[in-house]
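Engineer: Please find one structure pasted underneath; my questions will follow.
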Amino acid sequence: MLDKKFHVKKGDTVSVIAGKDKSKTGKVIRILPKKDGVLVEGLNIVKRHTRARGNEPGGIVEKESPLHVSNVMLYCEKCKKSVRSKMNVLEDGKKVRVCIKCGDSFDK
Ligand SMILES: [Zn+2]
């Protein structure tokens, strides 16, 4: 089951609706329930300086940092934009998220 707070889940394509990466899209690579955060591939990149350790040279590592879940929306491939989703219950009782505009399912 989906956590109520999370309208997105791992593997979803989402669009950022606030912050420095606004209107960019990417794929959710991790959900951080305790932080209400999502990690999105290639978005909200922060540079971290690391020290040399053993054989690993120090330097700058670029890493995704979490976006707040309220700042991302599902991105609909059909509508080509961020959309609201709604729950549809299938005949077999399975719940799927569908695009509120075109009705396309996000849970295939
Ligand atoms: Zn759509």
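Engineer: Test I45 against the criterion of being over 13 Å from the mean Cα position of the chain (by Cα) and at pLDDT 90 or above, and give yes or no.
Structural biologist: Numbers: over 13 Å from the mean Cα position of the chain (by Cα): yes; at pLDDT 90 or above: yes.
Answer is yes for this residue.
Engineer: Among the residues of segment 86-100, how many are modelled with pLDDT under 95 and touching a Cys at 6+ places or on another chain (Cβ under 6 Å)?
Structural biologist: Adding up the residues that qualify gives 0.
Engineer: Still on this structure, please answer the following. From the list K80, K35, K95, K47, exactly one residue is loosely packed, with under 13 Cβ neighbours inside 10 Å and within 16 Å of the ligand (Cβ to nearest atom). Which is it? Don't jump to the end; show me each part of the working.
Structural biologist: Values: K35 fails: within 16 Å of the ligand (Cβ to nearest atom); K95 fails: within 16 Å of the ligand (Cβ to nearest atom); K47 fails: within 16 Å of the ligand (Cβ to nearest atom).
Going through K80, K35, K95, K47 in turn, just one is loosely packed, with under 13 Cβ neighbours inside 10 Å and within 16 Å of the ligand (Cβ to nearest atom): K80.
Engineer: So how many residues does segment 58-108 have that are within 24 Å of K34 (Cα to Cα), part of a loop (DSSP other than H, G, I, E, B) and acidic (D, E)?
Structural biologist: Selection size over segment 58-108: 1.
Engineer: Restrict the check to segment 53-66 and report whether at least one residue is touching a His at 6+ places or on another chain (Cβ under 9 Å) and among the β-branched types (V, I, T). Even if it seems obvious, please write down each step before you answer.
Structural biologist: Of segment 53-66, the ones touching a His at 6+ places or on another chain (Cβ under 9 Å) are 58-61.
In the following step, the residues that additionally are among the β-branched types (V, I, T) were identified as 60-61.
Checked against the condition, which is being touching a His at 6+ places or on another chain (Cβ under 9 Å) and among the β-branched types (V, I, T), segment 53-66 yields at least one hit.
Engineer: Further question on the same structure: Among the residues of segment 16-49, write down those that are among the aliphatic types (A, V, I, L, M) and not in a strand (DSSP E or B).
Structural biologist: Taking segment 16-49 first, the residues among the aliphatic types (A, V, I, L, M) are 16-18, 28-29, 31-32, 38-40, 43, 45-46.
Across segment 16-49, the qualifying residues are I17, A18, L43.
Engineer: OK, next. So K78 clears everything in (1) under 17 Å from the mean Cα position of the chain (by Cα); (2) at pLDDT 90 or above except one condition, right? Which one?
Structural biologist: Going through (1) under 17 Å from the mean Cα position of the chain (by Cα); (2) at pLDDT 90 or above one by one, K78 breaks only (1).
Engineer: OK, next. Within the set of pairs 6+ apart or on separate chains, which have a first residue in segment 79-103 that is in contact (Cβ under 8 Å) with a residue 40 or more places away in the chain, a second that is open to solvent by 60 Å² or more (accessible area, probe 1.4 Å) and of a type in the set (K, R), and C-beta atoms under 8 Å apart?
Structural biologist: Within 8 Å, the pairs are R97/K86.
The values are calculated or read from the model by the stated rules, or taken from the named source; none is laboratory data. The model shown is predicted, which means the values in this text are computed figures rather than measured ones. Because the Cβ atoms are built from the backbone with ideal geometry, glycine has one as well, and the counts that use them run over all protein chains shown. The accessibility values were calculated without ligands, DNA or RNA, using every heavy atom of the protein model including side chains. Shrake-Rupley method; radii C 1.70, N 1.55, O 1.52, S 1.80 Å.
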